[in-house]
Structures are given as C-alpha cells and as structure tokens.
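Taking it in order: structure first as structure tokens, then the write-up.
The values are calculated or read from the model by the stated rules, or taken from the named source; none is laboratory data. No experiment lies behind these values; they were computed from the predicted model shown. No Cβ is skipped: glycine too gets one built from the backbone with ideal geometry, and neighbour counts run over all protein chains shown. We work out accessible area using only protein heavy atoms, side chains counted, and drop any ligands, DNA or RNA first. Shrake-Rupley method; radii C 1.70, N 1.55, O 1.52, S 1.80 Å.
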Amino acid sequence: MLKTGILHPQLARVMAELRHMDMLVIGDAGLPIPKGVERVDLGWKPGSPAYLEVLEEIEKYMVTEKAIFAEEALAVSPELHKKALALLPEGIPVEYIPHKELKKMTEGAKAIILTGEFTGYTNVVLVSGCAY
C-alpha cells in the first residue's frame, strides 16, 4: 500500500507510462472523451476534486514540456486560469487554441483525467517532457 504520491491505481499507472511528447489532459466534468482515449474519471460530486487540485498534484510528478489551453478560458474564468498558470513549471511554453480545436487535439492524448470541476473551459493539455 502506498502512503504518499498518487494513490489512484489507474492514474498512477498512466503517469508511469508517460513518455516524451505524450499528451495528458486534465478536464472539467463535461469534457468529452474521444473514442479510444483512456478515461481516468476522478469526479465524484460537483466540484470535487477541483481542476486546480488535480493540476497541482499532477505537476508534482510530471515533467511538463508545454501546456495548451482553450482561448475561451481567458474570458470565461480568468482568475482560475491565472491560478492554473501559476501551477505550471516556470518558463514552459503556453499555447492557446479555440476550444473546438482543443477537443479535437484530445483524440491524440494518452489519457484524459476528468475532475469534478463545473467551471467551463477548465481544461489543459499537458505535453510530457523528458526527465533527463
């Protein structure tokens, strides 16, 4: 039994299997899952776990090379978005694309982690870096 780190067995496995340039998505409760992409559903009630809580924990363990957000996040939830940016590694490239394109991009993700977040456009595509 683990007593620290990510205890969710499916999520721990997905994290361990990430390789350079793999995409891992953290999404709100409503983000659709494309056919063939692994779904890690953490949400168990509205707001829990929160998007920022999940992003913060993932970033403790993941080597993130780049982050991609929906442009709409800047207008719909700017304060929440600023907090998300603060959780990312300093200096990594951050890109913004239309939400429709972000949803299309998720078709190539290793996995999508769904949170219990009920705030729109709280989705991020994290591109895995290399640990050496």
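Table for the structure above
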{"item": "Most mobile of ALA70, ALA16, ALA29 in a GNM of the chain (Cα contacts under 10 Å)", "result": "ALA16"}
{"item": "Accessible area of GLU72 in the full protein assembly, 1.4 Å probe (Å², nearest 10)", "result": "60 Å²"}
{"item": "Selection from GLY5, PHE69, VAL125 lying farthest towards where the dipole of the chain points positive, charges on Cβ", "result": "GLY5"}
{"item": "Across LYS60/LYS82; LYS3/LYS104; LYS66/LYS100, pairs whose alpha-carbon gap is larger than 26 Å", "result": "LYS3/LYS104"}
{"item": "Rounded to the nearest 20 debye, dipole of the chain from Cβ charges on Lys, Arg, Asp, Glu", "result": "320 debye"}
{"item": "Amide proton proximity set for ASP41, modelled H, under 5 Å, gap of 5+", "result": "LEU114"}
{"item": "J(HN,Hα) series, the stretch 121-126, from Karplus relation 6.51 cos²θ - 1.76 cosθ + 1.60, nearest Hz, glycine and proline x", "result": "6, 8, 9, 9, 9, 9"}
{"item": "Amide H within-cut-off set for VAL63, under 5 Å, with H built and near neighbours excluded", "result": "GLY129"}
{"item": "The chain - mean residue ellipticity at 222 nm from DSSP helices (-39,500 (n - 2.57) per run, n ≥ 4, rounded to 500)", "result": "-8500 deg cm²/dmol"}
{"item": "Calculated Rg and Dmax of the Cα atoms in Å (choose from (i) 14.8, 45; (ii) 13.6, 43; (iii) 13.3, 38), label", "result": "(ii)"}
{"item": "Check: the stretch 12-58 dipole with +1 on Lys, Arg Cβ and -1 on Asp, Glu Cβ, in debye", "result": "200 debye"}
{"item": "Cβ-based charge dipole, the chain, positive-most Cα from VAL25, GLY36, MET15", "result": "GLY36"}
{"item": "Residue-normalised accessible area of the chain, given per residue in Å² at a 1.4 Å probe", "result": "55 Å²"}
